[in-house]
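The next block holds one structure in the form of structure tokens; read it before the comments.
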Amino acid sequence: VPELELIDAVRRLLAPAGDRVLVGSGDDAAVVHARPVAVTSVDTVAEGVHFTRDTHAPGEIGHKALATALSDLAAMGAEPGEAYASLALPPAMPQEEALEVVRGMARLAGEEGVTLAGGDVVGAESLVISVTVNGWAEQAGDLVTRAGARAGDVVGVTGALGASGAGLAVLRGEARGLDPAVAGRLSGAHRCPRARLAAGRALARAGASAMIDLSDGLATDAAHLARASEVAITVRMDDVPVADGVAEAVGGDAAVFAVTAGEDYELLFCIAPEKWEDAARAAAEAGSPASRLGVVDHGSGLTLLGRDGLPVEGLGGYEHG
Ligand SMILES: [Mg+2]
């Protein structure tokens with residue numbers, strides 16, 4: 001049975017399990033030493049929906065599937081633990097390519113200190129990868145949800161936005177004439193995103209009141225956070241950190257592009273103003289400098305303020321009242 005052969009081949013390329021894992025891939029189930037609080041997230045990426053095989057090499061698809069799942073652990077401030085992957089493989093996909101998918105995942109797992117502790121392989125019409133990740137915390141209070149923002153908090157974001165979206169434009173041949181180094185950096189941001197795990201833990205420790213990872217774009221995800229926290233969020237477009245090269249790649253208003261383009265996997269967070277400086281320093285030490293770009297108030301919905309101080313209408317995910 002080719003699927004069993006493939007599973008054996010996959011198992012051979014996995015790194016040795018971490019200390020927490022008592023029984024890893026290869027038995028009927030994985031067995032791990034639990035810590036007091038488990039944090040679990042599932043993420044599925046499908047060919048033609050989340051990636052195409054002409055813009056992503058097989059290893060990059062595996063990397064991206066795990067990175068997007070880990071990003072949800074980052075947004076909770078959890079310590080990453082184990083990952084479990086289910087691969088649905090089209091019959092025409094050569095075994096070597098399927099193994100490349102797993103190698104991409106295994107490489108990132110190694111870099112992030114995550115154990116790939118189990119999974120499954122099935123045949124399917126097109127390539128679909130579902131990754132379940134487990135993170136851990138000592139107590140629930142160490143974690144940050146979307147729901148804790150309070151009026152008076154400030155709003156911050158790690159890193160800079162728009163690189164992934166601009167990278168997709170590069171990969172589609174829509175951003176010609178760019179410096180090759182810039183084009184390479186942008187397309188790399190799209191093909192191989194990284195979860196901000198260290199920054200997420202640092203911001204949680206620094207007292208962030210609410211946090212979300214930017215998968216759909218700030219205009220959409222900030223509105224999710226505002227709804228979950230039952231507050232109003234105002235973001236100044238002028239203070240949105242736009243990644244280098246985005247303006248050249250996409251033309252037009254780069255800040256508008258940066259708040260509507262998705263898949264940056266940076267962290268948007270709220271925090272009491274007196275904690276801002278410590279939090280920003282902690283995020284920078286964790287490799288992700290943070291920018292302050294908005295405020296939390298009583299009310300509801302997300303307002304994006306343009307250069308003229310007036311609300312910018314009609315951006316994706318924009319919600320009011
Ligand atoms: Mg998320």
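None of the figures in this text is laboratory data; all of them are computed from the coordinates on show. Please read these numbers as outputs of a predicted model, since none were measured by experiment. Here the Cβ is made from the backbone with ideal geometry for all residues, glycine too, and neighbour counts use every protein chain on show.
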- Message: One quarter of the convex hull surface, Cα atoms only: what value does that give for the chain in nm²?
- Response: 16.9 nm²
- Item | Backbone HN-Hα couplings from phi across segment 150-155 [Karplus 6.51/-1.76/1.60, Hz, Gly and Pro as x] | 10, 3, x, 5, 9, 10
- Message: Sorting check: for 49-57, 12-20, which peptide has the highest mean count of neighbouring beta carbons within 10 Å, and how do the rest follow?
- Response: 49-57, 12-20
- Non-local amide H neighbours of ARG146 (under 5 Å, H modeled in plane, Pro and chain starts lacking H): which ones? MET211
- Query: Taking the Cα-to-Cβ direction at ARG205 and at THR44 and moving 7 Å from each Cα, how far apart do the two end points lie in nm?
  - Reply: 3.7 nm
- Query: What is the Cα coordinate range of segment 140-281 on the first, second and third principal axes, sorted by size from largest, in whole angstrom?
  - Reply: 48, 27, 23
- Build a GNM of the chain with springs between Cα atoms under 10 Å: which of VAL42, VAL246, VAL23 gets the top mean-square fluctuation? VAL23
- Message: Whole-Hz ³J(HN,Hα) for each residue in segment 244-252, computed from phi via Karplus 6.51 cos²θ - 1.76 cosθ + 1.60 with θ = phi - 60°, x for glycine and proline: what do you get?
- Response: 4, x, 5, 4, 5, 6, 10, x, x
- Go ahead and collect, in residue order, the members of segment 259-294 whose backbone nitrogen is under 16 Å from a label point 7 Å along the Cα-Cβ direction of ARG172. 259-264
- Task: For segment 272-277, take each phi angle, set θ = phi - 60°, evaluate the Karplus expression 6.51 cos²θ - 1.76 cosθ + 1.60, and give the result in whole Hz per residue in order, putting x for glycine and proline.
- Result: 4, x, 6, 9, 4, 4
- What ranking do 254-267, 184-197 get when scored by the average of other Cβ atoms within 10 Å per residue, highest first? 254-267, 184-197
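Return the ratio Rg/(2.2 N^0.38 Å) for segment 1-145, where Rg is computed over Cα atoms only.
For segment 1-145, the normalised Cα radius of gyration comes out at 1.03.
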- Query: Relative contact order, percent, of the chain when contacts are C-alpha pairs under 8 Å separated by at least 6 residues?
  - Reply: 21 percent
- Query: Between ALA169, ALA124, ALA283, which gets the highest mean-square fluctuation from a Gaussian network model of the chain, Cα cutoff 10 Å?
  - Reply: ALA124
- Note on the structure: Protection proxy (average C-beta count within 10 Å per residue), highest first, orders 68-77, 92-101, 140-149 as 68-77, 140-149, 92-101
